[in-house]
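Below you'll find the structure, written out as structure tokens, and then a few comments.
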Amino acid sequence: MRNPIAALVLSVCLLAGLAPSAGARGVYGWVEFVELHLGGEALKLKAKLDTGARSSSLDAVDVQPFERDGKRWVRFRLNLPGAKRSAPLEEPIVRYVRIKRHKGPYDRRPMIRMQICLGDELRSVDVNLTNRGRFIYPLLLGRRALTGLAVVDPARTFQRAPRCAASPNGE
């Protein structure tokens, strides 16, 4: 390892049993730029990598579940800072999730599957749709999305820019 401090930190972590999982492909900061591959477009935005959250959430408004050909779908708009009101997107609902709120009852949210590029890894991630307008980051990536992909260093930000080629099926 070229960086003696990084080597020392890794050695201490190994001795303390804090080694990165064997499947992890890199160290990321707690905030990273990612690309969403949704609706046929790639959209770059900031995401919070939160190992304390199990699931992932995307900032969406006008969330309206509906049925198409006997299947559950959802229509929504992305609620991104500084962007004009986005055109409505429609995606199949993978499932519904119950989210425990800090104050009050559970919140029931639709989950969609989307392609997310983090670093040089393009993967399918299930995200629930909710209004995150009061938060700084429009996308929160939880443990399920990060497992086997990333080790998160809470002292760092913006360690790896998204560099993914579009998937062969255009997702």
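The values are calculated or read from the model by the stated rules, or taken from the named source; none is laboratory data. Since this is a predicted model, take the numbers as computed values, not measurements. We place every Cβ from the backbone using ideal geometry, glycine too, and count neighbours over all the protein chains shown. Only protein heavy atoms, including side chains, enter the accessible area calculation; ligands, DNA and RNA are left aside. Shrake-Rupley method; radii C 1.70, N 1.55, O 1.52, S 1.80 Å.
Based on what the data block shows, is Leu140 in contact with a strand residue (DSSP E or B) (Cβ under 8 Å, 6 or more places away or on another chain) and in a strand (DSSP E or B)?
Numbers: in contact with a strand residue (DSSP E or B) (Cβ under 8 Å, 6 or more places away or on another chain): yes; in a strand (DSSP E or B): yes.
When the stated conditions are applied, Leu140 passes them.
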(request) Being outside any loop (DSSP other than H, G, I, E, B) and among the aliphatic types (A, V, I, L, M) narrows it down to one of Ala145, Ala155, Ala165, so name that one. (result) Ala145
(message) Yes or no: region 95-113 includes at least one residue that is at positive phi and over 19 Å from the mean Cα position of the chain (by Cα).
(response) yes
(request) Select from region 130-156 the residues that are more than 20 Å from Val61 (Cα to Cα) and among the small types (Gly, Ala, Ser) and write down the one among them that is surrounded by the fewest Cβ atoms within 10 Å (Cβ to Cβ). (result) Ala155
(message) Among the residues that make up region 107-117, is at least one of them assigned to a loop (DSSP other than H, G, I, E, B) and open to solvent by 70 Å² or more (accessible area, probe 1.4 Å)?
(response) no
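Quick check on this structure: which one of Gly133, Gly119 is at pLDDT below 90, of a type in the set (Gly, Ala, Ser) and over 10 Å from the mean Cα position of the chain (by Cα)?
Only one candidate qualifies: Gly133.
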(message) Being more than 19 Å from Asn128 (Cα to Cα), at pLDDT below 95, in contact with a strand residue (DSSP E or B) (Cβ under 7 Å, 6 or more places away or on another chain) and open to solvent by 40 Å² or more (accessible area, probe 1.4 Å): is that true of Val12 here?
(response) no
(request) Look through region 52-106, keep the residues that are of a type in the set (Ser, Thr, Tyr) and open to solvent by 50 Å² or more (accessible area, probe 1.4 Å), and return whichever of them is modelled with the lowest pLDDT. (result) Tyr106
(request) Residue by residue through region 52-110, note down the ones that are of a type in the set (Val, Ile, Thr) and either without any contact (Cβ under 8 Å) to a residue 12 or more places away in the chain or closer than 19 Å to Leu38 by Cα (or both). (result) Val61, Val63, Val74, Ile93, Val94
